[in-house]
Each structure stands twice: as structure tokens, then as C-alpha cells.
Amino acid sequence: MSYQRKNQVQHPSNNPKLQAIPNTSEHHDNKGKNKSKKKPKYNVNEFNKNIHQSIKKNKLWNSNIQEFYENNDGDEFFTSDCTGNKKALFIGINYYGTKAELNGCISDVKNISELMCSRFGFKNCLYLTDEQPDRERKPTYKNIINGMKWLVRGAKAGDSLFFHFSGHGGTFKDVDNDEHDGFDETILPLDYTISGQIVDDVIYSIMVEPLPQGCKLTAIFDSCHSGTVMDLPYTYQCDGTVEVIENDIRREIFKNATGLMNNKSSSSIEDIAASLNGVFDGSLATASNTSLQRRQELINKRKHDADVIQFSGCRDDQTSADLKINNVCTGAMSYALITVLKKYEDITYADLLKKVREIMKQKKFPQIPQLSTSHPMNMNEKFIM
């Protein structure tokens, strides 16, 4: 068995639109196109990595997920019983003939869709893959946006919707000041060099905002930097134990730490560490307790009455991987989910996240799968769709 890293798209100097992860503080429009280039004083990737480590070290992830659920009135939200209509959108992009070519994304669509249709009864399905001859079925920017709109059109309480994306993911500088790490997360359509990337704000506005109370949307993103690509307010992860964090806390920490770094004259690792100590050491209130009212405003901006659950292959600062099983390439996240769901007929969300992580570790992938939600989640509930 071998595996191939789904690296960020490389960035030839003569084509800046190919960049999926900016190494500078670039300003973009809502399709991810560059407008200006202003380099920060520090290494962005190293900086983000250090913040994630510091958040973990300072125990801002809450491992008492049941208490978190109860304290945040999780039982007040209506969840779907999934007895209504079922619709699914599957997107797999191998980027054939480009420098960004991948190998396992169309296989992911085939494998995931077979499971969804046979096990969970999805029959009204739309497939967008780049090997299809029909131009309306190519995963272009326009067709993906139209597919997202089709998926949620006419949704009502009791319905179960499913979205799956396998392909390249990226990041670029956030201009709305609503991202915890200062970057919008993106997915890259087939024509991203012409039409741009699809940003998390757009994904949220099309697929989450229109949903009614009592409707379930389950989404899987097997792509790089996809941890919060739906801009949901709560994130759960399993790296030993299942734990949860409010994304507004991370947002304020990143904002404060970035402000400290921007005011420094140098950009060494020591400066990064010192800035993070300044955020966490004795004055965590500066980062996470801007005020109860402000925190609630940040949460409410992305909290939603619909039952939205997103599985992602990795954190926002990580890449996802391909692996080869029986000489067929597939995404690591898609493979792990399929393996677990085929083995266990009844499984809770907590156990599903744990077992997906176990498979990732067995295959020696460092990426940490995550689950983000539109409301506090009872992780001991049975996984249904």
C-alpha cells in the first residue's frame, strides 16, 4: 500500500491564481482572486501551527462533551429524523491534464455514493466529476454553485441532504474578519484558474442559510484545509479523546496573536512563541473573553436552527492525503469513513469520529479529522442520515 499527499496547488510565478495556500497576506475578492500582495512579517504557516499547538496546550478544547452540550442548551435544537426526502450531491475532481492533477477523487465519489445509496437510501443524486463528457456535469465553479442550490432547494423538516466533495482545498486572506485564523477556507473547482476558488462564506450562504429547522445536511470534505470550510460555530475532533471548541474563541486568539506579531520588527520562532505567551499568559481574557455579549454575537452569526454536520479530512492548517488500496487511489478521509460505516450498523457520532481517527493513525496519516456543527451536538446520538 502506498499513499500520496494531496499537497496545496503549486504556485508558478506566471500564474498567481494557482495558489491555494498563500504565503503572504494577500487580499482577494469573493472568488479568491488576488488584488494585492503585502507580505506579513512572519511565516504564516509556522505561526498558525504554533497557535494550534498553544490552544491545545492551554486546554481550550473541552473534553467533557456532554457537559458542554448541556451547558450550551444543546437539547433545545431540533434534529431531523431523516424520514423525509433525500437528496445528494457528489463532487470529485482529479484535475486531469493540469499541474494540480490528483488520482483518487473520482474513486471517492464512486465509493461514497455506493454506500450512501445502498445503506442510507439516497436516490435523487447529482454527480459532478471531470471525466464526464456532459459540460453541465463538469465540476466547474458555475456547476458546483448550481448543484449546491439544487441540493437545498425545497428542503423541509425531516429531510436528509448529503454533500460530498473530494478535490483540492485551499486558503486565502479573509476580508470579512470572521475567520479564526485570518484565512477563508476554500474548495477549488475544475476551472479555478479562470473562475476562482469557492470560499467558505459562499458555501455557508448557499447550503446552510436557506435550510429550515429540522432539516439535516451531512457534508464530507475530503480536501486540504477543510476543518471549518462550512463556517459552522462548533468543532469536534478526536486525537485520543473527543473534544470540542467554540470557533469564536479560536478566532479571538488568532486575532490578538496576529496583532501582536504585526507590531513586532522581526519574525523569528522566538518572537512567535513570545507573542503567543503574551496572549495566553495570565491574560486569556484578552483573547477569548472580549465580552460575553461579543462572544455570543460571534456564535450566533454562524449558529443555525437546521441540523448541519460537516466531516472534514483534516484541520484548517493541515493537508489531506491520498492512499492506494488494491491499486486504486482514494482519499484517506473517504476511505476511513466508508470502512467504519460498513463495519458498524449502529454507531454514535463520537465513536464514528474516534474510529475514523484510529484508521488514519493506522495508516500513519498525521491529519486529524474533524466534525463541525451548526449547534452543540449530542455526540452520543446514533449517526443517521
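Numbers at a glance
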item: Scan of segment 360-385 for residues that are surrounded by 18 or more Cβ atoms within 10 Å (Cβ to Cβ) and among the β-branched types (V, I, T), ordered by number; result: I368, T373
item: Every residue from segment 119-131 that is under 19 Å from V328 (Cβ atoms) and without any contact (Cβ under 8 Å) to a residue 60 or more places away in the chain; result: Y127, T129, E131
item: Test: E136 is open to solvent by 10 Å² or more (accessible area, probe 1.4 Å), touching a helix residue (DSSP H, G or I) at 6+ places or on another chain (Cβ under 7 Å) and either assigned to a loop (DSSP other than H, G, I, E, B) or modelled with pLDDT of 95 or more (or both); result: yes
item: Any hit, segment 54-65, residues being in a loop (DSSP other than H, G, I, E, B) and open to solvent by less than 20 Å² (accessible area, probe 1.4 Å); result: no
item: Failed condition for I91, given (1) open to solvent by 70 Å² or more (accessible area, probe 1.4 Å); (2) assigned to a strand (DSSP E or B); (3) hydrophobic (A, V, I, L, M, F, W, C); result: (1)
item: Single residue of segment 206-261 satisfying the filter (among the hydroxyl-bearing types (S, T, Y) and more than 23 Å from D307 (Cα to Cα)) that is modelled with the highest pLDDT; result: T241
item: Checklist (1) surrounded by 20 or more Cβ atoms within 10 Å (Cβ to Cβ); (2) part of a helix (DSSP H, G or I); (3) not small (G, A, S) applied to N146, failing item; result: (1)
item: Count of residues meeting criterion [open to solvent by 30 Å² or more (accessible area, probe 1.4 Å) and part of a helix (DSSP H, G or I)] in segment 70-88; result: 4
item: Qualifying residue in segment 160-182 (condition: assigned to a loop (DSSP other than H, G, I, E, B), in contact with a strand residue (DSSP E or B) (Cβ under 6 Å, 6 or more places away or on another chain) and either modelled with pLDDT under 95 or among the polar types (S, T, N, Q) (or both)); result: yes
item: Tabulated pairs, segment 313-340, first at pLDDT below 80, second assigned to a strand (DSSP E or B) and among the hydroxyl-bearing types (S, T, Y), C-beta under 8 angstrom, 6+ apart or interchain; result: D316/T171; A321/Y3; D322/Y3; D322/T330; L323/Y3; L323/T330; K324/Y3; K324/T330
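The values are calculated or read from the model by the stated rules, or taken from the named source; none is laboratory data. These numbers were taken from a predicted model, which means no experiment stands behind them. Counting neighbours? That spans all protein chains shown, and the Cβs are built from the backbone with ideal geometry, glycine included. Surface accessibility is based on the protein's heavy atoms, side chains included, excluding ligands, DNA and RNA. Shrake-Rupley method; radii C 1.70, N 1.55, O 1.52, S 1.80 Å.
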